[in-house]
Amino acid sequence: MALRWWCWRRGCSWRPAVRSPRPGRPGCAGLLGSRAASDTRAQMPYFSLVKTLTSVFPNVHSISQFPQRTPAVCCCSQTQSGEQYTDPFKLGWRDLKGLYEDIRKELCITTKELKDMSEYYFDGKGKAFRPIIVVLMARACNIHHNNSRDMQANQRSVALIAEMIHTASLVHDDVIDDASSRRGKHTVNKIWGEKKAVLAGDLILSAASIVLARIGNTAVTSILTQVIEDLVRGEFLQLGSKENENERFAHYLEKTFKKTASLIANSCKAVSVLSCPDPVVHEIAYQYGKNIGIAFQLIDDVLDFTSCSDQMGKPTSADLKLGLATGPVLFACQQFPEMNAMIMRRFSLPGDVDRARQYVLQSDGVQQTTYLAQQYCHEAVREIRKLRASTERDALIQLSESVLTRDK
């Protein structure tokens, strides 16, 4: 099947994404056999979500326009002038030296057990993806506004707050999901129990609130407290489901924004507010963070089907086991409508999880979700290019490729 090549910007190089092996192909043990083979030759029916999605997320392209192709992954490894981009993670870490030590100082707990629980994930083994974006956005906005090469102390504090809120949400999520492993080790709730884990998450949030109060900017306080509300609302959305397929996908994207992208979007906006008074710049920062955040979670949902537990540091197929229908499942359901019943009963019957996984791998669910993530990254790059050229701005562009090509 011919590949449809997509190009975001002149000067970008492209390569096709690796397609996941399908159990139904010859030589593989498949659940659906020849049916899957015939379906791959037919055009996949898509969600009629033009009005629904554009009303909720106006930057989303129509899913009905998604091609039945193996998507291409953008390699934005060069600027238009041909200059190599600086590694965004190395660049961001210049402003994040001592990040986890500073966070542990903010926790400042005398009770040993509570201290051990609260500091458990601040061991320097996380990706620090959110703080990296925050400090790069801060510098990009500073340069755009008045060509300042300095990082404000309050902007760095936003990076700490973002990592603390994120970590607290992980602790609470693990309690809700009864998770036993994260980042390759036991979860807080598995070691200390659910009640103490909830308190540890609460303590991290309270420490983040104190750091936020010290910034002393009411606009920034309002922006970042919105993140907490979105996290709660997102968790409630995850507990529910929709019967209508179009509503189901919009529900999934809204949940994805609130649980993952809101923190990144609002943290980016917060540092832009500290940088300059221009609301146009604030919106650019927010839109970049929103689109990158949604793309990040879409790829995370893909990796739940394509990666192994050792790579991820947590069990794979975890979402199915929790009864959650993510992007790959929702796309697969268009090829295999029999999945609807499983989605509505949240994969609760014996064998549902295994069957659903097979359906996903025999469909183009993974490829279509990856393509959707590419569109969000495309939009993020389009937004950030509105800022004045700088090393940090280019690093944020490069970061969009890292989101699409990560394997854990």
- Name the residues in region 150-204 that are of a type in the set (Ser, Thr, Tyr) and either in a loop (DSSP other than H, G, I, E, B) or buried (at least 22 other Cβ atoms within 10 Å of the Cβ) (or both), would you? Ser157, Thr167, Ser169, Ser180, Thr187
- Task: Would you please name the residue that is nearest to Pro337 (Cα to Cα), looking only at residues in region 230-269 that are outside any helix (DSSP H, G or I) and of a type in the set (D, E, K, R)?
- Result: Glu243
- Query: Which of (1) open to solvent by 10 Å² or more (accessible area, probe 1.4 Å); (2) assigned to a helix (DSSP H, G or I) does Val329 not meet, given it meets every other one?
  - Reply: (1)
- Message: Being open to solvent by 10 Å² or more (accessible area, probe 1.4 Å) and either under 18 Å from the mean Cα position of the chain (by Cα) or more than 30 Å from Gln155 (Cα to Cα) (or both): is that true of Ser363 here?
- Response: no
- Result of the Cβ filter at 8 Å on region 255-282, keeping first residues that are in contact (Cβ under 8 Å) with a residue 40 or more places away in the chain and partners that are open to solvent by 30 Å² or more (accessible area, probe 1.4 Å) and among the hydroxyl-bearing types (Ser, Thr, Tyr), at least 6 apart or interchain, is Asn266/Tyr286; Cys268/Tyr286; Lys269/Tyr286; Ser272/Tyr286
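The values are calculated or read from the model by the stated rules, or taken from the named source; none is laboratory data. Treat the numbers as computed from the prediction; the structure is a model and nothing was measured. No Cβ is skipped: glycine too gets one built from the backbone with ideal geometry, and neighbour counts run over all protein chains shown. Ligands, DNA and RNA are stripped out before the accessible areas are found, and what is left, the full protein with its side chains, is counted by its heavy atoms. Shrake-Rupley method; radii C 1.70, N 1.55, O 1.52, S 1.80 Å.
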